[in-house]
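The values are calculated or read from the model by the stated rules, or taken from the named source; none is laboratory data. The structure displayed is predicted, hence computed values, not measured ones. Please note: Cβ atoms are built from the backbone with ideal geometry, for glycine as well, and neighbour counts cover all protein chains shown. The area values use the complete protein model at the heavy-atom level, side chains included, leaving out ligands, DNA and RNA. Shrake-Rupley method; radii C 1.70, N 1.55, O 1.52, S 1.80 Å.
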Amino acid sequence: MKLLMRKLLNVKTLSLAFLGTLLSGCGDDVGKVSLGLFTTKDVIIEAQQDPKVPGVTCHISRIEANLDFADPSDMGIACRQTGPISASHLANIDKSKQGEVVFKASLSVLFKVLKVRRIYDAEHQTLIYLSYSTKETDGSHKHAISTVPLYGTDAWQAPDQTAEKKTEAKTSAN
């Protein structure tokens, strides 16, 4: 029984490692910084282009722990406009409060997955990118956000005059 369990664990570990390799190939590694001579951990910086809004590139930094099962979930994200953003790009995105997952990568053999979700803030005409770990670490799901304002892009829409008047009325009422 122990031999069977060990074989299953090995198959599962190899499968997850292979899946992680496939998913990590979706972005471009633009940086790799060692955390020291006596550690197997590195900071990896990846560039990921939004598949539906190609004018946005997100740079994601995360810890890669080679030969280590305890892969930290801390990550950072910075998304910027790196090309044109048009109204036709926005027409194809999920505009619900949950948004949609735009990137996903396995972080370790312990089932941690890094996800980046795009959420559209219609009122402020901003794209919000939320990166988060799907596994709780130290009582918390690690997460970070970055925003890309649409002001100055072809996707920007002038605020509705009636919406401005409602805001002014609320302000003067207080």
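A compact table of results
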quantity: Scope segment 73-83; condition open to solvent by 30 Å² or more (accessible area, probe 1.4 Å) and free of Cβ contacts under 8 Å to residues at least 40 places away in the same chain; matching residues; calculated: Thr82
quantity: Test: Phe18 is assigned to a helix (DSSP H, G or I) and either within 14 Å of the chain's Cα centre (by Cα) or modelled with pLDDT under 80 (or both); calculated: yes
